[in-house]
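Here's the structure we're looking at; comments come further down.
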Amino acid sequence: MLNVTEQFLYSTVRIECTHLDGGISTGTGFFFRFLDDGQTNFPAIVTNKHVVEQAITGKILMTLRDDDGNPINTEHLTIELENFEHMWIFHPDPEVDICIMPLGPILEQARSLQKNVFYVSLHRDLLPSAEELSQLRAIENITMVGYPSGLWDRINNFPIIRRGITATHPNINYNGKEEILIDAACFPGSSGSPVFIYDDNGYTTKDGNTHMGGSRVFLLGILYAGPQFTARGEIAVMNIPGSPRPIPVSQIPMNLGCVIKSQKLLDFEEIILQNFQRQ
């Protein structure tokens with residue numbers, strides 16, 4: 001049975017896009033189960049809008065599983081999808097840089113090839129409640145999973161795991177938006193990365209209670225951008241671009257990332273109910 005950290009390895013997917021101008025970029029997506037009632041759910045991939053905008057084709061690399069339901073790390077299936085941008089459902093608020101794609105077409109394509117794929121879906125229970133958020137301190141450890149600069153373990157189809165801390169209070173909206181800042185190295189290709197609070201050897205809550213040996217895991221949010229220091233001495237918030245598209249050397253990352261709070265994922269549930277049936 002996979003432990004929590006091992007489940008992280010199968011919860012994300014590397015997204016490779018070919019754009020109208022012929023350029024190729026990569027980003028991060030993660031699997032999420034919407035409207036999960038224990039019997040049915042709507043499986044989808046979550047990423048940023050800017051990862052898939054103007055993408056004419058997309059490639060998704062899925063890990064295969066054996067007859068016992070276990071992952072075969074070194075065996076993969078490449079799913080190539082045409083008209084890629086239009087397969088995604090964009091968040092209705094243009095200021096919220098997240099979108100989702102139903103996982104059904106990918107699973108159907110795999111089944112048509114008589115292949116079974118392995119992945120781990122995140123779910124609503126991982127979203128922190130209002131009470132849990134109220135117990136978070138200003139500085140918490142965070143874990144981010146994705147594909148910085150397009151890098152990944154290509155043999156085992158594993159993402160890169162990075163750690164950092166919250167740079168703004170996770171229970172307070174940064175600059176009036178449902179976002180926070182994190183202090184972590186956020187490189188091109190990390191767009192769409194899930195950001196977790198994960199403690200496996202005890203933690204302390206805001207009220208001062210220490211849970212010795214306890215563990216907790218929350219999906220805190222989705223990385224989408226980061227402040228950049230420019231050659232002119234200005235600070236500008238820039239989308240974390242896909243990799244390996246060139247980045248001007250005049251834009252210098254500050255090792256800060258802008259994260260959309262995970263509760264914004266729930267805004268998609270009404271859209272799904274209106275347009276799809278759960279699987």
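Things worth noting here:
- With respect to being of a type in the set (Gly, Ala, Ser), surrounded by 12 or more Cβ atoms within 10 Å (Cβ to Cβ) and either modelled with pLDDT of 90 or more or farther than 20 Å from Gly164 by Cβ (or both), Ser250 falls outside the description.
- The conditions of being over 24 Å from Ser121 (Cβ atoms), surrounded by fewer than 19 Cβ atoms within 10 Å (Cβ to Cβ) and over 17 Å from the mean Cα position of the chain (by Cα) are met by Asn173.
- Considering the range 136-151, and only residues there that are open to solvent by 20 Å² or more (accessible area, probe 1.4 Å) and at pLDDT 95 or above, the residue that is farthest from Thr18 (Cα to Cα) turns out to be Arg137.
- Filtering the range 130-159 to residues that are in a strand (DSSP E or B) and either closer than 30 Å to Lys206 by Cα or not hydrophobic (A, V, I, L, M, F, W, C) (or both) leaves Asn141, Ile142, Thr143, Met144, Val145, Gly146, Asp153.
- Positions within the range 204-226 being in a strand (DSSP E or B) and either out of contact with any Gly (no Cβ under 7 Å at 6 or more places or on another chain) or open to solvent by 50 Å² or more (accessible area, probe 1.4 Å) (or both), in sequence order: Thr204, Thr210, His211, Arg216, Val217, Phe218, Leu219, Leu220, Gly221, Tyr224, Ala225
- Inter-residue pairs, beta-carbon under 9 Å, first in contact (Cβ under 8 Å) with a residue 24 or more places away in the chain and of a type in the set (A, V, I, L, M) and in the range 61-88, second surrounded by fewer than 10 Cβ atoms within 10 Å (Cβ to Cβ) and part of a strand (DSSP E or B), 6+ apart: Leu61/Thr78; Met62/Thr78
The values are calculated or read from the model by the stated rules, or taken from the named source; none is laboratory data. If you're wondering where the values come from, they're calculated on a predicted model, not measured in any experiment. Every residue, glycine among them, receives a Cβ derived from its backbone with ideal geometry; neighbour counts consider all protein chains shown. The area values use the complete protein model at the heavy-atom level, side chains included, leaving out ligands, DNA and RNA. Shrake-Rupley method; radii C 1.70, N 1.55, O 1.52, S 1.80 Å.
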